[in-house]
Structure formats: structure tokens, C-alpha cells
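What follows is a short report on a single structure.
The values are calculated or read from the model by the stated rules, or taken from the named source; none is laboratory data. Model, not experiment: these values are computed from the prediction. For neighbour counting, all protein chains shown are included, and Cβ atoms are generated from backbone atoms with ideal geometry for every residue, glycine included.
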Amino acid sequence: MRTLLFTWVVGIGMFATLPGALASCAEPLPLEEAFDQTPAVFVGTVEAVEFQGRLAHVAVDGVWKGDVAAEVRVQGTDTLDPNMMTSIDRTYQVGTIYVFFVNPGGVGFTDNGCTNTAVAEADLMAKLDTLNGAPATAPVATDTTTVPEDTGTAMGWIAGGILGVIGLAGIAGAMRMRRARSLPEIEGFSAAQPTEQRRSQS
């Protein structure tokens, strides 16, 4: 009896250390309601997965709702911890086309097993076209920002080069003067005298 009680207590303690491990989902929302409440709805193909299939790299094929790039990442869990999983984590299969009902967040978008995300089917996509009032549109480019050409860069290099030459010439002159002052003071010897003149004096 004591052994059974001890086992039961230990089991309860183990589950208590796994937050969300026994979480469950409510009834899924009707499609129209889910479409209205979800910030991003799009269809795409899973090209790669990580974290036991809970993080998907998705090539987006069409967008009904939200600002969605051509390539996104969707995490099907609250935390990308390889040592923690919950009963509402969603996993994805490489090569499968999904209709995603997701929220911005995490590494791109967040999802879980309680959303209306599902394998793409013609009937589902036709209903989304109707709800949206138009077919899915192409995703935005992965990076729409442009970097203006820095026209001042070339002039900066030229100016820097001129200043560098002037600086080197000044350093060389200072070194020559320092060398002249450091020569020993010998009678009849002057560093300013030409070589031939110094030879004649010797």
C-alpha cells in the first residue's frame, strides 16, 4: 500500500514539473469565426522542420489575411525547448501543404494544436476564398527594404587618401629633423653640409 501511494505521489510530482503537459484544447472555432479572429491566414508548403517537427520552415503559396513573406517560420509550441513538450504542441510534416491560422510572434508566427491550422484541401481553400471575398494573393517579398546608394563613400575615400599622404609626408619630415638633431656634434661637421663638401673638409 505504501509503495503504491509513493508511486502515485511521485507521478503527480513529475507531471507538476511539466507546465502545460496536460493542457487540452477547447472545441475548434467555426471557420468564419476563426478567420475573423486570426491575424494571419495563408497556405504554404513545409520545406524543413526542427525541434521534433514543432518548428516549420514554410514556403508560402498564397495569403488570405495578414502580412506574410514568401518564406516564414511557424512554431507549433509556446517554447522551443527540446526537452519540453505539451499535449497541445503542433508538429508538421516536410512536404505537406497546410492552411495556417497563426499569430505573429516567436520566430515568425506561432501556432499550436488548438488552432484551425489544417492540411490544405480544395474545399477548405474554396471556403476561405469566399470568406475573404477573393482568392489568396501572392506573399510579399521576403525583404522589401532597399538600401540607398551611398554617394558620399567615394568622395570620402579620396579625401581620406589625400589626408593620409599629407600625414605621411609630415611624419617623414619630422623623422629627418629628429635624426639630424641626434647626430653627434663634431667640430667641422654639419648635417646640412653636402656629402662632397664634408669629404673635402676631411
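A few remarks follow.
- Qualifying residues in the stretch 98-116 (those that are of a type in the set (Gly, Ala, Ser), surrounded by 13 or more Cβ atoms within 10 Å (Cβ to Cβ) and under 22 Å from the mean Cα position of the chain (by Cα)) - the one modelled with the lowest pLDDT: Gly106
- Residue match in the stretch 83-97 (condition: without any contact (Cβ under 8 Å) to a residue 12 or more places away in the chain, part of a loop (DSSP other than H, G, I, E, B) and exposed (fewer than 15 other Cβ atoms within 10 Å of the Cβ)): yes
- Members of the stretch 34-47 that are part of a strand (DSSP E or B) and either out of contact with any Leu (no Cβ under 9 Å at 6 or more places or on another chain) or basic (Lys, Arg) (or both): Ala40, Phe42, Gly44, Thr45, Val46, Glu47
- Total residues in the stretch 69-82 satisfying the condition of being over 22 Å from Cys25 (Cβ atoms) and assigned to a strand (DSSP E or B): the figure is 4.
- Test: residue in the stretch 40-53 that is of a type in the set (S, T, N, Q), surrounded by 15 or more Cβ atoms within 10 Å (Cβ to Cβ) and touching a Ser or Thr at 6+ places or on another chain (Cβ under 8 Å): yes
- Residue in the stretch 56-68 that is closer than 17 Å to Ala120 by Cβ, at pLDDT 95 or above and assigned to a helix (DSSP H, G or I) present: no
- Boolean, Val119 is under 18 Å from Val46 (Cβ atoms), in contact (Cβ under 8 Å) with a residue 12 or more places away in the chain, of a type in the set (Val, Ile, Thr) and surrounded by 12 or more Cβ atoms within 10 Å (Cβ to Cβ): no
- Among the residues of this structure, Arg73 counts as one that is basic (Lys, Arg), closer than 22 Å to Ala141 by Cβ and in contact (Cβ under 8 Å) with a residue 24 or more places away in the chain.
- Residues within the stretch 34-55 that are in contact with a strand residue (DSSP E or B) (Cβ under 6 Å, 6 or more places away or on another chain) and at pLDDT below 95, tallied: 0
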